[in-house]
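Visitor: Below you'll find the structure I mean.
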Amino acid sequence: MNKIEEKRNKVKSKFRILITIIAFMVFLWFVLVIVEFVRVDNNKKPLICSPMIKDVEDDDEYSKRCYGFGYKYKEYYYNEDDSLSARELVLFFQEFKRGYKNNLK
């Protein structure tokens, strides 16, 4: 092999390693998002969530939201007794779809 082919092989090798690392990180993120969706579906809070921010929805209800790695989480509470009425988790590019059908089970 000449020097040019050796350099190409080194670059290809480094590129493959970089692609493998990126693919592994994407796989881990995908698994994390699935775990978080399952937790919220089972009426639990996400494992990774920034500090909760309180929002006023209307006279009867307020919400708290936070952000994770590529997703948003929101809890809805009744004003009268601060009881939890619903939870919602969506990907970062989606909007929350709050409706009466999303009440807790």
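Visitor: Please find, within the range 31-77, the residue that is nearest to the chain's Cα centre (by Cα) out of those that are of a type in the set (Lys, Arg) and part of a loop (DSSP other than H, G, I, E, B). If you could, list the steps in order and put the result at the bottom.
Guide: First pass over the range 31-77, keeping only residues of a type in the set (Lys, Arg): 39, 44-45, 54, 64-65, 72, 74.
Retained after the next criterion (residues that are part of a loop (DSSP other than H, G, I, E, B)): 44-45.
On the way: Lys44: 14, Lys45: 12 Å.
Ranking the candidates gives Lys45 first.
Visitor: Just name the residue that is surrounded by the fewest Cβ atoms within 10 Å (Cβ to Cβ) out of those in the range 29-67 that are within 15 Å of Asp82 (Cβ to Cβ) and of a type in the set (A, V, I, L, M, F, W, C).
Guide: Val56
Visitor: Please go through the range 68-78 and give me each residue that is out of contact with any strand residue (DSSP E or B) (no Cβ under 7 Å at 6 or more places or on another chain) and crowded, with 17+ Cβ neighbours inside 10 Å, ordered by number. Step through it out loud before you land on a result.
Guide: Just the residues of the range 68-78 that are out of contact with any strand residue (DSSP E or B) (no Cβ under 7 Å at 6 or more places or on another chain), to begin with: 68-69.
Passing the criteria: only Gly68.
Visitor: How do the pairs read when you match residues in the range 10-30 that are assigned to a helix (DSSP H, G or I) with residues anywhere that are surrounded by 10 or more Cβ atoms within 10 Å (Cβ to Cβ), using Cβ under 9 Å and keeping only pairs 6 or more apart or on different chains?
Guide: Trp29/Phe69; Trp29/Gly70
Conditions (1) touching a Leu at 6+ places or on another chain (Cβ under 7 Å); (2) β-branched (Val, Ile, Thr); (3) on the phi < 0 side of the Ramachandran plot; (4) modelled with pLDDT under 90, marked per residue:
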| position | (1), (2), (3), (4) |
| --- | --- |
| Glu6 | no, no, yes, yes |
| Lys14 | no, no, yes, no |
| Ile22 | no, yes, yes, no |
| Ile34 | no, yes, yes, no |
| Asn43 | yes, no, no, yes |
| Met52 | no, no, yes, yes |
| Val56 | no, yes, yes, yes |
| Tyr71 | yes, no, yes, no |
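Visitor: Additional query: Of the residues that sit in the range 79-91 and are of a type outside the set (Ser, Thr, Tyr) and touching a residue at least 24 places away in the same chain (Cβ under 8 Å), which one is surrounded by the fewest Cβ atoms within 10 Å (Cβ to Cβ)?
Guide: So in the range 79-91, the residues of a type outside the set (Ser, Thr, Tyr) come out as 79-82, 84, 86-91.
Then drop every residue that is not touching a residue at least 24 places away in the same chain (Cβ under 8 Å), which leaves 87-89, 91.
Details: Arg87: 20, Glu88: 17, Leu89: 21, Leu91: 10.
Among residues in the range 79-91 that are of a type outside the set (Ser, Thr, Tyr) and touching a residue at least 24 places away in the same chain (Cβ under 8 Å), the one surrounded by the fewest Cβ atoms within 10 Å (Cβ to Cβ) is Leu91.
The values are calculated or read from the model by the stated rules, or taken from the named source; none is laboratory data. Note that the coordinates shown come from a computational prediction; the quantities given were computed from them, not determined experimentally. Virtual Cβ from ideal backbone geometry, glycine too; neighbours counted across all protein chains shown.
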